1. Considering only the stretch B:237-258, state which residues are buried (at least 22 other Cβ atoms within 10 Å of the Cβ) and either over 20 Å from the mean Cα position of the chain (by Cα) or at the interface with chain A (Cβ under 9 Å from one of its Cβ atoms) (or both).
2. Name the residue that is nearest to the other protein chains (Cβ to nearest Cβ), counting only residues in the stretch A:102-141 that are in a loop (DSSP other than H, G, I, E, B) and among the aromatic types (Phe, Trp, Tyr).
3. Would you tally the residues in the stretch B:16-60 being surrounded by 15 or more Cβ atoms within 10 Å (Cβ to Cβ), facing chain A (nearest Cβ under 9 Å), assigned to a loop (DSSP other than H, G, I, E, B) and β-branched (Val, Ile, Thr)?
4. When you look at residue B:111, is it basic (Lys, Arg) and buried (at least 18 other Cβ atoms within 10 Å of the Cβ), yes or no?
5. Given the options A:278, A:274, name the one that is surrounded by fewer than 23 Cβ atoms within 10 Å (Cβ to Cβ), in contact (Cβ under 8 Å) with a residue 24 or more places away in the chain and at the interface with chain B (Cβ under 9 Å from one of its Cβ atoms).
6. Any idea which of B:136, B:150 is closer than 14 Å to residue A:25 by Cα and in contact (Cβ under 8 Å) with a residue 60 or more places away in the chain?
7. Pick out the one residue from A:169, A:211 that is surrounded by fewer than 21 Cβ atoms within 10 Å (Cβ to Cβ) and closer than 23 Å to residue A:127 by Cα.
8. Name the one entry in B:85, B:100 that is crowded, with 20+ Cβ neighbours inside 10 Å, touching a residue at least 24 places away in the same chain (Cβ under 8 Å) and more than 9 Å from chain A (Cβ to nearest Cβ).
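FYI, it's all coordinate maths here, none of it is from the lab. Keep in mind that this is a model prediction, so the values were computed, not measured. Virtual Cβ from ideal backbone geometry, glycine too; neighbours counted across all protein chains shown.
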Amino acid sequence: MKTTIKKGKTDFKLAMVLLFPSLFLLLLLVAYPMFSNIQISFFHLPINPRLDSTFIGLENYINILSDIEFLKSLGLTVLYTALAVGGSTVLGLLVAIFFNRPFMFRKTARSLIILSYVTPSISLIFAWKYMFNNSYGIVNFLGGDVFHLFKQAPLWFDNPVSSFILVVIFAIWRYFPYAFISFLAILQTIDSSLYEAAEIDGASAWQKFKIVTLPAIMPVLITVITLRSIWLFYMFTDVYLLTNKVDILGIYLYKTAFAFNDLGQAASISVILFIILFIVIIAARKRVNFNGNG
Amino acid sequence: MAMASSKKTKMTKKVAFYATLILLMVVTLFPFLIMLMTAFKSSGEAVSTSPTIFPKEWTFQHFQDIFNPVVFPYLIYFKNSLIVALTASVLAVTIGIFGAYALSKLKFMGKTTINASFYTVYMFSGILLVVPLFKIISGLGLYDTRTSLIITMIVQTLPTAIFMLKSYFDTIPDDLEEAAMIDGLNRIQIILYIIIPLSISGIISVFVYSFMVAWNDYLFASIFISNSENFTLPIGLNALFSTPDYVWGRMMAASLVTALPVVIMYAISEHFIKGNLTEGGVKG
């Protein structure tokens, strides 16, 4: 009994010792940069650290918010996120329902489905670029010469519209396994007697989904949609490596900072995106279940 | 009669099911098939305008090329990636274990706040911090070093590592610890001899997660690294791709070998661990 009473007093010190490396790193490389971002956003900052920066007040914000390219990029990003989140969630759910039964090679098939999710982006991107090559890609060959789906193939990754469609499909293909795994886990916990009861009541497949499945998977559905939306909204790597025709916000920010060397402007974009992120997190906090630990 | 027709519908259903399954697998795995087959095609065949899926003539030349430092600097990039990913994931797991233990098992003031802020950071994306991080890394004199990447990768994966480890530690009953305390073990000994062995599968999945994130990173490597001696695989391969003399078969062979470590790790952890590897979530 003594130890339990004593424990309450000494825990704080020990906790701080154990948490020190984590807190130190996160304060230095997440919290401090966050505030540093706000500060930089009020300056004109040369990329060379030896040169002085000049205070310019809200100029970066005024510039960015009146820049039509930024607003276009914002719209494009919202569309990209909505389509890719919607697509990957629906596909993930459909495949999970499809897998939610015993069949031959189920485990192998499940592992293979997740392959696109675990493989590094750089490997996947080379395969896609090769498949969609304008002169010798297999897609042009199959679509044009074999199945005659199109007469004149679009310039895939060299055309803004076809690139946009392709990066959305790429995101759906790459990220649906995450939804699939999450849904499959929760589907397996649903009591099959609920379906049998609904069947006796004469429910159709759609009604069974609406009455039994949907309420049961709701917490997972909300979590999957929220997290994937946040992550895709800030997507950079996949799209940047696939094409230079789709400037979503992550790429717009990256180019502002490291192609046009305008760090102050880039910082002001980061701050605006932070504000958007915080609104989403606060709105989502009550609803998103972080594996039951929230 | 009725029985025969029901048997027939059952059969039709089964055929339809497996047909759908095969279609699904072919569509999702098609890019992997192309990657694999192109790696074995000759350079001429890879750019043929009437391509076949399987090579007409199989060649191992591309695999020999990527492991030949004279032809292709692949091994340098591989080594750099390995150093960064291994160091970062070992450190993230180690630091994470102690942090997660405190958040899971100790009672102290400010715990809820720390917990909440870790969850918030978990949702963050690296792209939001590129500008100040670039300044900080340059300021610390770490520009163009592997250390810059190791540190950033630890920070990128740590919140998730703590969050995943904490949920594993939460399942370990407190009685076990109390019994160990009565036996005279201190907290550190409890972590080493009780908590770690009991959550080894969780620790492995956290390690694999961190390794995957670090192995996959393009963003920070492209900002922090300028000398090709220090290139990791993602930036190194992409830089080669931008030069006019890339060879498709070689790029595909490099892509395959690049994917191999994480796919093997994933397969092993899938086989031995019940836990869910996707908990962490690949952010991209």
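1. Restricting attention to the stretch B:237-258, the residues satisfying the condition of being buried (at least 22 other Cβ atoms within 10 Å of the Cβ) are B:237, B:249-256, B:258.
Scanning the stretch B:237-258 gives B:237, B:249, B:250, B:251, B:252, B:254, B:255, B:256, B:258.
2. First, pick out the residues of the stretch A:102-141 that are in a loop (DSSP other than H, G, I, E, B): A:102-105, A:114, A:119-120, A:132-137.
Next, only the ones that are among the aromatic types (Phe, Trp, Tyr) stay: A:103, A:105, A:132, A:136.
Details: A:103: 7, A:105: 8, A:132: 10, A:136: 5 Å.
Only one residue fits best here, namely A:136.
3. Here the count works out to 1.
4. Judged against the criteria, residue B:111 is not a match.
5. On inspection, the qualifying residue turns out to be A:274.
6. Working: B:136 fails: in contact (Cβ under 8 Å) with a residue 60 or more places away in the chain.
After ruling out the rest, the residue left standing is B:150.
7. Values: A:211 fails: closer than 23 Å to residue A:127 by Cα.
Only one candidate passes the filter, namely A:169.
8. Within the list B:85, B:100, the selection yields B:85.
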